[in-house]
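Each value in this text was obtained by applying a stated rule to the coordinates, not by laboratory testing. Note that the coordinates shown come from a computational prediction; the quantities given were computed from them, not determined experimentally. So basically every Cβ, Gly included, is an ideal-geometry build from the backbone, and we count neighbours across all protein chains shown.
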Amino acid sequence: MVTILRGNIFLDSIGALISGQIAWDSLGQIVAIEPLPQQSFEQIILPGFIEEHVHGIAGDDVMNQGPERFSRIAKQLAAHGVTSYLATTLTAPFPHLTRVIQETRTAAPLTRVGARLVGVHLEGPFIDRRAKGAQPLEEVAESNLGNLALLIGENHDGWVQLMTWAPNLAHTRKAIAWLTQRGVRVNLGHSLATYEEGRLAVDAGATGLTHFFNAMSPFQHREPGLVGLGFMDHRLWCELIVDGTHVRPEVVHYVMSVMGERVILVTDGMAATDMDEGVYTLGGHAVTATQGAARLADGTLAGSILTMDQALRNLVRWGVPLASIVRSLATNPARRLGLTDCGSLFVGARADVVVMDSGFHVIKTYRHGRLVYER
């Protein structure tokens with residue numbers, strides 16, 4: 001059986017929408033993409049979005065207990081066009097983190113409806129206490145190879161895909177080398193490291209920055225910090241939260257224009273996403289969601305309540321070209337995570353597809369050819 005969709009299809013190969021049809025077989029593999037130049041369509045067909053940094057949604061938190069939460073998270077993410085994601089943790093005691101890692105391993109093959117869980121992003125516990133953001137200070141861990149081994153073992157299955165690390169910590173270069181040898185990609189973040197400390201970490205194998213600008217050393221003309229490193233070192237992927245609160249829209253527009261080929265859009269979303277205003281938890285800590293943001297009692301931003309489709313709409317409204325947006329939502333994170341069969345639409349790819357209306361609201365989401373969300 002072949003599934004056929006018609007609409008305005010985004011093709012990464014040309015960086016534009018074409019009027020056409022896309023078809024995939026019963027195995028969920030795209031078998032044809034054909035232009036239909038004489039026809040006009042309202043709906044837009046994009047590659048499914050890939051989220052490397054999300055803590056929760058719709059009342060559920062990755063750090064909670066109960067394996068069924070991952071099914072609920074997957075379904076809710078799919079409603080916003082997400083077809084693959086990394087379950088993202090917070091700084092916490094090692095037994096708590098190892099439990100969550102194991103629960104995600106168990107839950108992933110059982111979660112067939114909604115977004116695909118493709119691994120874990122450990123945001124901490126090896127961070128700079130001075131740039132902890134909303135992370136619990138009392139659980140920040142000592143940075144050494146023994147603690148790394150205790151936390152993730154040899155990572156033979158590659159399940160821990162990403163770790164955020166503060167590059168001004170002790171043993172950074174050895175730790176990053178150890179992690180990359182075990183298939184763990186390293187983001188620099190939650191750190192007031194100098195530019196030079198960051199550059200040495202990149203030389204050791206780090207390849208990204210966690211929520212660019214936020215909880216990191218700022219750019220100054222004599223000390224560029226991690227922000228300056230992100231601008232100047234083309235080896236780095238840069239996560240960006242585009243809710244208009246974490247980073248000013250004009251700055252977002254500039255970043256997308258000068259380094260969009262390295263931007264990975266993330267939400268850093270937490271349990272309050274898709275919920276009414278009120279008090280929720282992030283890793284067990286109280287967070288108040290109000291006026292479009294989530295904050296601790298002291299006003300510190302605590303993740304976000306952004307969704308990936310809203311990120312797309314924000315960027316369109318701010319004048320960012322659609323090609324840059326789609327690549328940052330799908331193509332770039334797929335490349336970064338080594339997901340060679342998705343992230344763009346081409347013959348032979350997985351049919352991870354999001355169908356949107358002309359206002360970029362999700363109509364349908366397909367995961368590997370299966371309908372997993374319909375408005």
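Counting other Cβ atoms within 10 Å, which GluC sites (Glu not before Pro) in the range 2-91 have at most 15 and lie in a DSSP loop?
Passing sites in the range 2-91 are Glu42.
Looking at the range 49-340 only, what percent of DSSP beta bridges run antiparallel? Nearest 5 please.
Antiparallel: roughly 30 percent of the beta bridges in the range 49-340.
Indicate the gyration tensor shape class of the range 1-119 (rounded, prolate or oblate), computed on the Cα atoms with a ≥ b ≥ c the square roots of the eigenvalues: a/c under 1.5 is rounded; otherwise a/b larger than b/c is prolate and the rest oblate.
In terms of gyration-tensor shape, prolate.
Please list, by residue number, every one of the trypsin sites (Lys or Arg not before Pro) in the range 22-114 that is coil in DSSP and has at most 13 other beta-carbon atoms within 10 Å.
In loop regions of the range 22-114 (DSSP not H, G, I, E or B), the sparsely surrounded trypsin sites (Lys or Arg not before Pro) are Arg112.
Please name which of Gly15, Thr98, Gln29 has its Cα lying farthest along the dipole of the range 1-122 towards the positive end, using unit charges on Cβ (Lys, Arg +1; Asp, Glu -1) and the Cα centre as origin.
Towards the positive end, the residue furthest out is Thr98.
For the range 200-279 and the range 36-54, write down the distance between their C-alpha centroids in whole Å.
When both Cα centres are located, 25 Å separates them.
Skipping prolines and chain starts, which residues have an amide H placed within reach, meaning under 5 Å, of the one on Leu209, given they are 5 or more residues away or on another chain?
Leu188, Trp237, Cys238, Glu239
Which value, in debye to the nearest 20, describes the size of the charge dipole of the range 217-375 about its Cα centre when Lys and Arg Cβ atoms bear +1, Asp and Glu Cβ atoms bear -1, and nothing else is charged?
480
Going by amide H atoms built from the backbone, whose H comes under 5 Å of the H on Ile363, apart from near neighbours?
Under 5 Å from the amide H of Ile363 lie the amide H atoms of Val355, Met356, Asp357, each far enough along the sequence or on another chain.
From the helices alone, meaning DSSP H stretches of at least four residues, give me the mean residue ellipticity at 222 nm for the chain, per-run term -39500 (n - 2.57), in deg cm²/dmol to the nearest 500.
-7000 deg cm²/dmol
Measure nothing but the geometry: give the 0 to 90° angle between the long axis through the Cα atoms of 249-259 and the longest principal axis through the Cα atoms of the chain, rounded to 10°.
It is inclined by approximately 80 degrees.
Any idea which of Ala58, Pro109, Met216 is furthest toward the positive side of the dipole for the range 49-340, if Lys and Arg beta-carbons carry +1 and Asp and Glu beta-carbons -1?
The one lying farthest along the dipole's positive direction is Pro109.
List the GluC sites (Glu not before Pro) within the range 205-295 that DSSP assigns to loop and that have no more than 15 neighbouring Cβ atoms inside 10 Å.
Hits after loop and neighbour filter: Glu277.
Under a GNM of the chain (C-alpha, springs under 10 Å), which listed residue has the highest mean-square fluctuation: Gln161, Gln220, Gln43?
Gln220
Using only the alpha carbons of the range 204-280, what is the convex hull's orientation-averaged projected area in square nanometres?
Computing the convex hull of the Cα atoms and averaging its projections yields 6.5 nm².
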